[in-house]
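The values are calculated or read from the model by the stated rules, or taken from the named source; none is laboratory data. Not measured: the values here are computed from a predicted model. Heads up, the Cβs are rebuilt from the backbone with ideal geometry, glycines too, and the neighbour counts pull from every protein chain shown.
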Amino acid sequence: CVSFDVQKIREDFPILKRKVNGHSLVYLDNAATSQKPQAVIDCMVDYYSNYNANIHRGVHTLSQEATDAYEVARKKIQNHFGITHPEEVIFTSGTTHAINLVANGFSSFLKKGDEVLVSAMEHHSNIVPWQMLCERTGATLKVIPMNETGELVMEDFEKLLSESTKLVFVNHVSNALGTINPIEEIIIKAHKVGAAVLIDGAQSCAHIKPNLNALDVDFYVTSAHKMCGPTGVGMLYGKKEWLEKLPPYQGGGEMIKEVTFEKTTYAGLPHKFEAGTPNIAGGIAFGAAIDYLNEIGFKEITAYEDGLLSYATLELLKIEGLKIYGTSKNKTSVISFNLDGIHPYDVGTIVDKLGIAVRTGHHCAQPIMDYYKIPGTVRASFSFYNTKEEVDKLVEAVKRAKMMLS
Ligand SMILES: Cc1ncc(COP(=O)(O)O)c(CN[C@@H]2CONC2=O)c1O
């Protein structure tokens, strides 16, 4: 896109000037965490330099300024995701925390005979908490299968749905394959049998701007660090009627109305789920990251990343013996691949010598690796600040790894 000047955008990311092993850094591990623009870094420095204070209960000026900034960030998150009420935005430490909060909350709702559906392509953070829930309640975990392309088998999803289905949880985008799942269809069909739906948006939110109200989803979770924000902060969106039903996840300060040794009453939303001193700087900087991405524009980001994905796919497939896992037409800029007969770890180690950062392994999605019967993959994940020249460097490095390791 003409309006998309990637060289100008790269100037916003100080880390991209780094050298690694004597080469310019080529950062292609964005699915693990994204890099941070100066505006986000400055936002955190500004907070700690000029108005650091604890929030919500202070009467002094600094505390008021910090509280206002934190609640402005909550409103930015609300507006960005098309959420109706600010109290439906719960600050968490990230996606994993958010999912555990909801899974814990359902402990009092599920019983033996109830069923929960998980997709075959989930991150461990969206599998293990639900297994723990089933162990606690006697509910049964069922798996929506995937196919060779790395897409969910929707016919099987429909067959798995029944009156016993109480919960469905699926990622919006697979962090290992890049597949964008048909969450609109999943939500509609799950609601038809009365099941609630949690969508794991950790991998999608850097590339897609979902409207959660329009989606009619019950819960949507994400982390700031994968969308140019800091680590240690994320969000749980929950429909108000659900959040009012769920019991608190952690007890402590902030989440109470009144404490006596006889009985404690809890605060209303969102504070019922926000016990203790939060990551104040991180929450404010999450808002700054949202501003930054919206200034560039998600249409521009998606179009540019789709271009990089197509180019990288084409160029990598020219390498004989290279197989890509996750070949859906509907995917974001993540490419998982292997070289025939070569362990992904060895490929990752060699390309790192050339300054190229990719992730190797199971990407916390071991069931996907089991499906393909592989130990793991090399995963290159692109962001809007990567370039075609960087793709070329990756391709050359993979060719060199193949030569050295074959
Ligand atoms: C789809 C998905 N769900 C949940 C998580 C967990 O998020 P937090 O770690 O922020 O709680 C991740 C993290 N993605 C991992 C992080 O490292 N590499 C990845 O692909 C993810 O990609």
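Data table
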quantity	calculated
Residue match in the stretch 320-332 (condition: over 18 Å from the mean Cα position of the chain (by Cα), under 19 Å from PHE13 (Cα atoms) and among the small types (Gly, Ala, Ser))	no
Verdict on SER328 being under 15 Å from ALA32 (Cβ atoms) and either out of contact with any helix residue (DSSP H, G or I) (no Cβ under 9 Å at 6 or more places or on another chain) or basic (Lys, Arg) (or both)	no
Identity of the residue in the stretch 46-70, among the β-branched types (Val, Ile, Thr) and surrounded by 13 or more Cβ atoms within 10 Å (Cβ to Cβ), that ends up nearest to CYS228 (Cα to Cα)	THR67
Any hit, the stretch 100-114, residues being among the hydroxyl-bearing types (Ser, Thr, Tyr), in contact with a Lys or Arg (Cβ under 8 Å, 6 or more places away or on another chain) and away from the ligand (no atom under 16 Å from the Cβ)	yes
Residue among VAL128, VAL102, VAL118, VAL143 that alone is under 19 Å from LYS245 (Cα atoms) and assigned by TED's automatic domain parsing to the domain that holds VAL173	VAL102
Those residues of the stretch 368-397 which are in contact with a Gly (Cβ under 7 Å, 6 or more places away or on another chain) and assigned to a loop (DSSP other than H, G, I, E, B), in sequence order	GLY376
Of all residues in the stretch 176-231 being buried (at least 24 other Cβ atoms within 10 Å of the Cβ) and on the phi > 0 side of the Ramachandran plot, the one that is farthest from the ligand (Cβ to nearest atom)	CYS228
Complete set of residues in the stretch 192-225 that are touching a residue at least 60 places away in the same chain (Cβ under 8 Å), in a strand (DSSP E or B) and of a type in the set (Val, Ile, Thr)	VAL221, THR222
Qualifying residue in the stretch 238-247 (condition: part of a strand (DSSP E or B), crowded, with 24+ Cβ neighbours inside 10 Å, assigned by TED's automatic domain parsing to the domain that holds VAL118 and within 15 Å of the ligand (Cβ to nearest atom))	no
Unique residue being closer than 22 Å to SER406 by Cα, surrounded by 21 or more Cβ atoms within 10 Å (Cβ to Cβ) and among the β-branched types (Val, Ile, Thr) when the list is VAL334, VAL358	VAL358
Matching residues, the stretch 37-68, being within 29 Å of the chain's Cα centre (by Cα) and among the hydroxyl-bearing types (Ser, Thr, Tyr)	TYR47, TYR48, THR67
Residue that is of a type in the set (Gly, Ala, Ser), under 19 Å from LEU309 (Cβ atoms), away from the ligand (no atom under 16 Å from the Cβ) and buried (at least 19 other Cβ atoms within 10 Å of the Cβ), where the choices are ALA380, ALA401, ALA397	ALA397
